[in-house]
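Okay, structure first, notes after.
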Amino acid sequence: MTVQLPACGQIVAGEVGKILIREKSNQKIELGDLLIVEEKDKANTTIIQVYDLLYGSQISKLAREQIAGLSLEGLGEKLEIFEPHLRNYVLAQGKAVIRVSGSKPHVPKILPDFFGSVRHVQKQDLQFLDKPSDPIYIGQVRSGSKIIDVPVSLNGNDLFTHHVLVPSTTGRGKSNLVKVMLWSTIGENKFGILVLDAHDEYYGRAGKGLKDHPKARGNVLYYSVNPVPGTYTLTVNIKTLYPQHLEGVISLSEAQEQAVARYYSEFDDEWIENIILGTQIESVKDVTLGVLQRILRTKLSVYNQDGEVLSKNRVFSTSSGQSTIEDIVHSLEQGKLVIVDTSKVGDEAELLIGSMIANSMFNIYQNYKAEGTLDGKLPVSIVIEEAPRVLSSDRLVLGENEYSKIAREGRKFKIGLVAITQLTSVIPRDILTNINTKIILGNEMATERRAIVDSAAQDLSDDDRTIASLDRGEAIVTSIFTKFAIPIQIPLFEEYAKAYSASAHSSSPSKLQYKE
Ligand SMILES: Nc1ncnc2c1ncn2[C@@H]1O[C@H](COP(=O)(O)OP(=O)(O)OP(=O)(O)O)[C@@H](O)[C@H]1O
Ligand SMILES: [Mg+2]
């Protein structure tokens, strides 16, 4: 049996949401700590989370200022405070986040015992955080900066179809977290995941990556314009690109949109080629054609060479890649992880490819729903870095795109979004509230923290300071699927992958090597 930790403090005052605890001397209470108050009958415990720390003293302010003055001016070397640990102390301010009766968690509706003794959280206090079915591991419970040996996993069906937001300032560990998250899906064939990998960091072309999962073979598919042996060439046939894929990704004026529609109705799947080659048609002015040519040339990196349409970055082709989008969609339906390396194809081309896949996924799943067969189909999710490129309010005034469509109505069709972002404040409120799980990493920007807190599933209004002080890999999970906003420590992907392989593929190796 584990020994219970000694008391680290005692409740001395407060109110709902603002419980004041006196810290026992030398028992450091940290910002973000989870503290346990047991009720007298031992049947119920309350977990308090600390969100602020302040000094307390029995000595009057004037007297303290005088003592400091004497000491600073060299007049009080011999001056000592009698029993300093009794007179000066730290007060921690916290809120009750959950009350556990037996092993059942509830939203706390009563205050914990007045003068109740408080101790740090331990593994046995968190037994109510049981492992869900189809678990997606995201990290270990964290109390302040201490890691508790309790894994945190979320049910993959809930998580992926109800969308995930991963916000933080740069370098706090967003991509690392998503790699850890996706690791659990590999080889399970329960979720189809598409990663639009703008920095080529998920597959692990050069170092450790998702390709190193023991079940990666046949389950992790990699598409790149510069493939490695055993992976796929990212070539998309221009004929499979329809005008609707451009919506909300490439901005066109009304006249340009009409011209595109005319070319499409005239030339069907050869509409882009005919625009690039400058084929003239009635009712489209030369100047509009010229502008359209320029837009498509720059956005798709295609050009006309002696009457042939060629692609600069090799991603769009007129001759090959007819089935690329179809193949990817098929793999997603089979529950595979498809990583598309878009690091060399440019912003618009990346978003267009994502848009083509999403559009096709939507059509297929909408049909399943209409047929009544959607229940038997696997959830599919799209991971997108720098999500404001498609989800910001500025973007959306130009019209909806496939990504915002998923955020708004994908859930009905089992299609989800994992949106990674440095900027949350630019994403419209209704989209943010539709994203039911947020894994919040550190953020220095007050406006960003406010936007995140305002759209969280739990009340995080007191946690502004805590979010600002989150270190790399430290996060708070707020979700309609968690009992409270759980503080977690995400493992470093490289260490996690190594520990996983060493621990005979347990999906949540609890004995990861952390610096405690
Ligand atoms: N959980 C973690 N534990 C320890 N170190 C981490 C953790 N997560 C990330 N790091 C370190 O921080 C670095 C940056 O992480 P990562 O690339 O995931 O950040 P990011 O938020 O995606 O950054 P960007 O906004 O630039 O994309 C990593 O290279 C890694 O060394
Ligand atoms: Mg990143």
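The values are calculated or read from the model by the stated rules, or taken from the named source; none is laboratory data. If you're wondering where the values come from, they're calculated on a predicted model, not measured in any experiment. Note that we place each Cβ from the backbone using ideal geometry, even for glycine, and neighbour counts take in every protein chain shown.
Below is a table of values for the structure above.
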read-out: Single condition Glu495 does not satisfy, out of (1) at pLDDT below 95; (2) assigned to a helix (DSSP H, G or I); (3) not hydroxyl-bearing (Ser, Thr, Tyr); value: (1)
read-out: Single residue of region 206-228 satisfying the filter (within 16 Å of ligand 1 (Cβ to nearest atom) and surrounded by fewer than 19 Cβ atoms within 10 Å (Cβ to Cβ)) that is farthest from Leu182 (Cα to Cα); value: Ala206
read-out: Matching option when the condition is more than 16 Å from ligand 1 (Cβ to nearest atom), over 21 Å from the mean Cα position of the chain (by Cα) and outside any helix (DSSP H, G or I), among Val338, Val329, Val309; value: Val309
read-out: Test: residue in region 184-199 that is hydroxyl-bearing (Ser, Thr, Tyr) and within 13 Å of ligand 1 (Cβ to nearest atom); value: no
read-out: Region 157-174: number of residues that are assigned to a helix (DSSP H, G or I) and among the polar types (S, T, N, Q); value: 2
read-out: Scan of region 421-441 for residues that are surrounded by fewer than 22 Cβ atoms within 10 Å (Cβ to Cβ), over 30 Å from Gly376 (Cβ atoms) and not acidic (Asp, Glu), ordered by number; value: Gln422, Leu423, Ser425, Val426, Pro428, Arg429
read-out: Test result for Leu177, part of a strand (DSSP E or B) and crowded, with 22+ Cβ neighbours inside 10 Å; value: no
read-out: Search result, residues across region 381-426 that are away from ligand 1 (no atom under 16 Å from the Cβ), under 18 Å from the mean Cα position of the chain (by Cα), β-branched (Val, Ile, Thr) and not in a helix (DSSP H, G or I); value: Ile382, Ile415
read-out: Residue among Tyr202, Tyr137 that is touching a residue at least 24 places away in the same chain (Cβ under 8 Å), within 22 Å of Ile339 (Cβ to Cβ) and touching a Leu at 6+ places or on another chain (Cβ under 7 Å); value: Tyr202
read-out: Matching residues in region 148-173 - criterion: being buried (at least 22 other Cβ atoms within 10 Å of the Cβ) and within 16 Å of ligand 2 (Cβ to nearest atom); value: Val164, Leu165, Val166, Pro167, Ser168, Arg172, Gly173
read-out: Residue match in region 449-467 (condition: surrounded by fewer than 23 Cβ atoms within 10 Å (Cβ to Cβ), among the hydroxyl-bearing types (Ser, Thr, Tyr) and in contact (Cβ under 8 Å) with a residue 24 or more places away in the chain); value: yes
read-out: Selected residue (criterion: nearest to Asp269 (Cα to Cα)) from residues of region 236-245 that are over 26 Å from the mean Cα position of the chain (by Cα) and part of a helix (DSSP H, G or I); value: Lys239
